[in-house]
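Trainee: Got a structure here, written out as structure tokens. Questions coming.
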Amino acid sequence: MIIMKKRILFMIGTLQSGGVSKSIVNLLNVMDRTTYDVHLLLLDRAGDILSPYLPSDITVHVNREIENLHRGLRGVRALLFTGHLLLAFGSLLRMLMSKISRAWAGRWLAYLMPRFTDLTFDLIIDYGGQQQLYYMVDKLDGKKKITFFHNDYSKWPYYYAADRLYYPKVDQILSISQTCVDVLKAYFPDCKDKISVMQNISSPVLITKQANETVDLPIAPLLLVSLGHIMRRKGTDFSIDAAKILQKKGVEFKWMLVGKVVEKDLIRRIEQEGLADRFVVLGIRSNPYPYIKAADIYVHPARFEGKSIALDEAKILCKPIIVTNFSTVNDQFEDRVNASICEMNGDALADAIIELAANKELRQSYVAYLNAHIVDNSSEVEKLYAFID
């Protein structure tokens, strides 16, 4: 007797270096693919550095028109070149609409996106929200549909006008921490019974293995590292302010920045402040873990996060951590127990770095605590199985 596998579709915008992209790669690697027929719709391959880490036995779908609809003016030119005049015009209109309302621009983009398959799925999981959510609800056939929101909604409410229409149409709304879930319930009280937590999956075995790869490293008495896009939302400006203070106080250090340069003016500011020999801008790395492992201190100066996968990874590698007091920080850290939590400014960040660098006992206490509390949360995937079994 042949038993048909249940068919699951995941949707993701890109497989660049961000936390959501890494999270879905980790999730797909722990999925039981002997029981489930797993598919992934990748909306845009631009900047893809993580697909080599995808399991080889999943089906990856791409659609050229969908890709070009996500690529701005470059995509418009490609649509014109391939004869998709109405899609090109619609994409231009969407870019104009986004200046007025991201929510309605997202709905319009979902309307423009062609239906990529006639398959019916037992479960569809939109992993990015926004236009992916609207497209899933309106154009794809699934017996059950789940959407994720990977952040604190109060810091990212731009799509509320559309989300309030679409959240009631899905079977479950998942977010990555209890704080994020509580915020979603406050925004969408009518959906509160179907909003729940599913944590990002981080594999200690895989991360530890990748951290042992050999890379070229800067040499300094104090080696700092930050993982995340180079932008104000991730607190890079706080890092520059702190570095300026450290340099004035005579601290010898190098600070590795691993991530995409989103706001190029911050790189210019590093040069203008005379800090070019202090920062090592590494850009995007498909494997950032050797840099985290080599650092003396991991610094995470973000203005806001959902539940940072980069911080989970730093915890798995048992690094002394300094983190700013964004709204969800207490979902992952307790001050002076497993990290130093500081205010969101350069002075506080510099003070925390100086203290932790000088206090060997405090560093060792963080490392010991993290070593004793390494968690493999791969079992989180069972929450998805429960929706279809």
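Trainee: Using a Gaussian network for the chain with springs between C-alpha atoms less than 10 Å apart, which of these wobbles most: R71, R232, R268?
Mentor: Looking only at R71, R232, R268, the biggest GNM fluctuation is shown by R268.
Trainee: Also, I was wondering about something else. For the cross-link pairs K145/K383; K22/K315; K248/K315; K6/K144; K22/K260, which exceed 23 Å when the distance is taken from alpha carbon to alpha carbon? If you can, show how the numbers build up before the last one.
Mentor: Numbers: K145/K383 14 Å; K22/K315 16 Å; K248/K315 30 Å; K6/K144 12 Å; K22/K260 14 Å.
Flagged as over cut-off: K248/K315.
Trainee: Please list, ordered by chain and number, the residues whose modelled amide H lies under 5 Å from the amide H of Q172; skip anything fewer than 5 residues away on the same chain.
Mentor: For Q172, whose amide H was placed from the backbone, the distant partners under 5 Å are K145, T147.
Trainee: Scan [x] 1.15; [y] 0.94; [z] 0.98 for the value of Rg/Rh (Cα atoms, Kirkwood Rh) calculated from this model and give just the label.
Mentor: Among [x] 1.15; [y] 0.94; [z] 0.98, the one derived from this structure is [z].
Trainee: Still on this structure, I have one more. Loop-only check: which trypsin sites (Lys or Arg not before Pro) in the stretch 74-142 are DSSP coil with at most 10 other Cβ within 10 angstrom? Mind showing how you got there, number by number?
Mentor: Values: sites: R74, R77, R94, K99, R102, R107, R115, K139; in loops: K99, R115.
For trypsin sites (Lys or Arg not before Pro) across the stretch 74-142 that sit outside H, G, I, E and B with at most 10 neighbouring Cβ atoms in 10 Å, the list reads K99.
Trainee: Return one number: the angle in degrees, 0 to 90 and rounded to the nearest 10, between the long axis of the Cα atoms of helix 236-248 and the longest principal axis of the Cα atoms of the chain.
Mentor: Taking the Cα atoms of the chain, the angle to 236-248 is about 10 degrees.
Trainee: Normalised by the number of residues in the stretch 205-372, what is the relative contact order in percent for Cα pairs under 8 Å and 6+ residues apart? If you can, show how the numbers build up before the last one.
Mentor: Working: 304 pairs, mean separation 43.8, N = 168.
So the answer I get is 26 percent.
Trainee: Shape verdict for the stretch 194-248, please, from the Cα gyration tensor: rounded (a/c under 1.5), prolate (a/b greater than b/c) or oblate. Spell out each step's value before the answer.
Mentor: On the way: a/c = 3.46, a/b = 1.31, b/c = 2.65.
Oblate.
Trainee: Then there's this: Projected onto the charge dipole of the chain (+1 at Lys/Arg Cβ, -1 at Asp/Glu Cβ, origin at the Cα centre), which of Q210, G259, Y366 gives the Cα projection farthest towards the positive end?
Mentor: Most positive-ward Cα: G259.
Trainee: Could you tell me how far the Cα centroid of the stretch 1-34 sits from the Cα centroid of the stretch 336-389, in Å?
Mentor: 27
Trainee: Using Cα centres only, tell me the gap between the stretch 94-166 and the stretch 230-308 in whole Å.
Mentor: When both Cα centres are located, 33 Å separates them.
Trainee: For Cα pairs less than 8 Å apart in space and 6+ apart in sequence, what is the mean separation divided by the residue count of the chain, i.e. the relative contact order in percent? Walk me through the intermediate numbers first.
Mentor: Working: 726 pairs, mean separation 54.5, N = 389.
The normalised contact order for the chain reaches 14 percent.
Trainee: In the stretch 329-389, which GluC sites (Glu not before Pro) fall in coil by DSSP and have 16 or fewer other Cβ atoms within 10 Å?
Mentor: Working: sites: E334, E343, E355, E361, E380, E382; in loops: E334, E343.
Those that pass, being in a loop and sparsely packed, are E334, E343.
Trainee: Binning every alpha carbon pair distance of the stretch 205-372 at 10 Å from zero, what are the percents per bin?
Mentor: The calculated distribution, bin by bin, is 10, 43, 39, 8, 0.
Trainee: Also: Hey, could you pull the Cα Rg and Dmax for the stretch 176-281, both in Å?
Mentor: Calculated on Cα positions, Rg and Dmax stand at 19.1, 56 Å.
Trainee: Rounded to the nearest 500 deg cm²/dmol, what is the calculated helix-only ellipticity per residue at 222 nm for the chain, with -39500 (n - 2.57) per DSSP H run of length n ≥ 4? Let's see the in-between values first.
Mentor: On the way: 16 runs with 152 residues, N = 389.
Computed ellipticity for the chain at 222 nm equals -11500 deg cm²/dmol.
Trainee: Follow-up. Between 0 and 90 degrees, rounded to the nearest ten: what's the tilt of helix 346-358 against the longest Cα principal axis of the chain?
Mentor: 60
Trainee: Additional query: Sort the stretch 243-291 into rounded, prolate or oblate with this rule: let a ≥ b ≥ c be the square roots of the eigenvalues of the Cα gyration tensor; rounded if a/c is under 1.5, and if a/c is not under 1.5, prolate when a/b is larger than b/c, oblate otherwise.
Mentor: Taking the square roots of the gyration eigenvalues as a ≥ b ≥ c, the stretch 243-291 is oblate.
Computed from the coordinates by the stated procedures, all read-outs in this text should not be read as laboratory data. Quick caveat, the model's predicted, so the values are computed rather than measured. FYI the Cβ positions are ideal-geometry reconstructions off the backbone, even for glycines, and counts take in every protein chain you see.
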